[in-house]
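Asker: Let me begin by handing over the structure; questions about it come next.
The values are calculated or read from the model by the stated rules, or taken from the named source; none is laboratory data. From a predicted model like this one, the values you see are computed outputs, not experimental measurements. So basically every Cβ, Gly included, is an ideal-geometry build from the backbone, and we count neighbours across all protein chains shown.
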Ligand code: ADP
Ligand code: MG
């Protein structure tokens, strides 16, 4: 028999539920940046501007020229499990937007001061909603949305203690935008920090964007990947073996436009390099895998950075062959090239 006193089962208050969700989704300012840019892109924005203070800890503002949120839906945008992106299980299974959980804004608003400023094309003007006070007031703005997040983790000092220097947090924020930017050359991005423009990527071709984001050197030392294998396609750039780096800091994998960290994909790429890269050298690549939504489950991880494939072998092989072809390396079972 145990002496632990039993406490009655209780439903948690909404605010606490959101704070728990925030624990999973928001690790640092860059997590907020990722969620807000996801939302801007889901709203069809072609221009996304970020304004950060103190590495994003003091303030993150993301402005977009997307469709906006009608005034009467602004309070809903902040509610837990409220979303415009799916309405049913079939919707979930075919989801093509970045978001669908309806959790991000609620979670962020539970650990920071959030305000939404938005205008739709048919609205008479913009409206601003302050999450903390609930005050909704007329405001001025072009069509689109600005989300402002101030004093991240103000109510959770334990979390705040884990933050690094402003410079480090800024670097993570920029990396979050870079991941989006690589996948969306049709969208212009700008990042301001403390009033200074620190990154700007103009609209252009996929190749131009890769060059702008990862540099001319990356482009020059990589080969085009373009393969259609069964139900999937793989395109992008794979670095030549000589371009390999000590750190795995130029490895970008996307599934249906979503940046993912996937062991299976990484392994597939790695195995294409296995004969030409030794030791711990890390290949560089930007790969976009397109697969029909029914063949991949994106609802695996709260931040959606992990995915699950219905047929993982098929994906592994496709990626391997696509990169193999790009590098023109001998496949397993074929004789090894005798290089210089
Ligand atoms: P999700 O993206 O999973 O739907 P969020 O909490 O991120 O959940 O956003 C809730 C809702 O608020 C979205 O479904 C969308 O309708 C609206 N929304 C959020 N950000 C924007 C934005 N930048 N532009 C237009 N609508 C937005
Ligand atoms: Mg979202």
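Asker: Checking residue 109 against (1) within 14 Å of ligand 2 (Cβ to nearest atom); (2) touching a residue at least 24 places away in the same chain (Cβ under 8 Å); (3) under 25 Å from residue 257 (Cβ atoms), which test does it fail?
Answerer: The one condition residue 109 does not meet is (3).
Asker: Continuing with this model, one more query. Out of (1) touching a strand residue (DSSP E or B) at 6+ places or on another chain (Cβ under 7 Å); (2) near ligand 1 (Cβ under 10 Å from one of its atoms); (3) closer than 23 Å to residue 30 by Cβ, what's the single condition that is false for residue 68?
Answerer: Evaluating residue 68 over (1) touching a strand residue (DSSP E or B) at 6+ places or on another chain (Cβ under 7 Å); (2) near ligand 1 (Cβ under 10 Å from one of its atoms); (3) closer than 23 Å to residue 30 by Cβ leaves (3) as the failure.
Asker: Out of (1) within 16 Å of ligand 2 (Cβ to nearest atom); (2) in contact with a strand residue (DSSP E or B) (Cβ under 7 Å, 6 or more places away or on another chain), the odd one out for residue 104 is which?
Answerer: (2)
Asker: Looking at region 5-27, can you tell me whether even one residue there is touching a strand residue (DSSP E or B) at 6+ places or on another chain (Cβ under 7 Å) and surrounded by fewer than 19 Cβ atoms within 10 Å (Cβ to Cβ)?
Answerer: For region 5-27, residues touching a strand residue (DSSP E or B) at 6+ places or on another chain (Cβ under 7 Å) and surrounded by fewer than 19 Cβ atoms within 10 Å (Cβ to Cβ): absent.
Asker: Determine whether region 142-152 contains at least one residue that is free of Cβ contacts under 8 Å to residues at least 60 places away in the same chain and surrounded by 15 or more Cβ atoms within 10 Å (Cβ to Cβ).
Answerer: No.
Asker: Out of all the residues in region 61-80, which are buried (at least 18 other Cβ atoms within 10 Å of the Cβ), within 23 Å of residue 155 (Cα to Cα) and away from ligand 2 (no atom under 14 Å from the Cβ)?
Answerer: Listed by number, the list holds a single entry, 61.
Asker: Residues in region 116-139: is at least one buried (at least 18 other Cβ atoms within 10 Å of the Cβ), within 16 Å of ligand 2 (Cβ to nearest atom) and closer than 27 Å to residue 258 by Cα?
Answerer: yes
Asker: Inside region 30-50, can you point out the residues that are within 15 Å of ligand 2 (Cβ to nearest atom) and part of a strand (DSSP E or B)?
Answerer: 48
Asker: I would also like to ask the following. Given the conditions (1) closer than 20 Å to residue 77 by Cα; (2) surrounded by 15 or more Cβ atoms within 10 Å (Cβ to Cβ); (3) in contact with a helix residue (DSSP H, G or I) (Cβ under 8 Å, 6 or more places away or on another chain), which single one is not true for residue 187?
Answerer: If we test residue 187 against (1) closer than 20 Å to residue 77 by Cα; (2) surrounded by 15 or more Cβ atoms within 10 Å (Cβ to Cβ); (3) in contact with a helix residue (DSSP H, G or I) (Cβ under 8 Å, 6 or more places away or on another chain), just (1) comes out false.
Asker: Now, a different point. For region 51-67, state whether one or more residues are over 24 Å from residue 184 (Cβ atoms), without any contact (Cβ under 8 Å) to a residue 60 or more places away in the chain and part of a loop (DSSP other than H, G, I, E, B).
Answerer: There is no residue in region 51-67 that is over 24 Å from residue 184 (Cβ atoms), without any contact (Cβ under 8 Å) to a residue 60 or more places away in the chain and part of a loop (DSSP other than H, G, I, E, B).
Okay, residues lined up against (1) part of a loop (DSSP other than H, G, I, E, B); (2) farther than 18 Å from residue 36 by Cα; (3) in contact (Cβ under 8 Å) with a residue 24 or more places away in the chain; (4) not assigned by TED's automatic domain parsing to the domain that holds residue 41:
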{"residue": "169", "(1), (2), (3), (4)": "no, no, yes, no"}
{"residue": "172", "(1), (2), (3), (4)": "no, no, yes, no"}
{"residue": "175", "(1), (2), (3), (4)": "no, no, yes, no"}
{"residue": "178", "(1), (2), (3), (4)": "no, no, yes, no"}
{"residue": "181", "(1), (2), (3), (4)": "no, no, yes, no"}
{"residue": "189", "(1), (2), (3), (4)": "no, no, yes, no"}
{"residue": "197", "(1), (2), (3), (4)": "no, yes, no, no"}
{"residue": "210", "(1), (2), (3), (4)": "no, yes, yes, yes"}
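Asker: Return a yes/no flag: does region 81-103 have any residue that is under 20 Å from residue 137 (Cβ atoms) and either touching a helix residue (DSSP H, G or I) at 6+ places or on another chain (Cβ under 7 Å) or surrounded by 18 or more Cβ atoms within 10 Å (Cβ to Cβ) (or both).
Answerer: no
Asker: Could you figure out which of (1) within 11 Å of ligand 1 (Cβ to nearest atom); (2) within 25 Å of residue 187 (Cβ to Cβ) isn't true of residue 76?
Answerer: (2)
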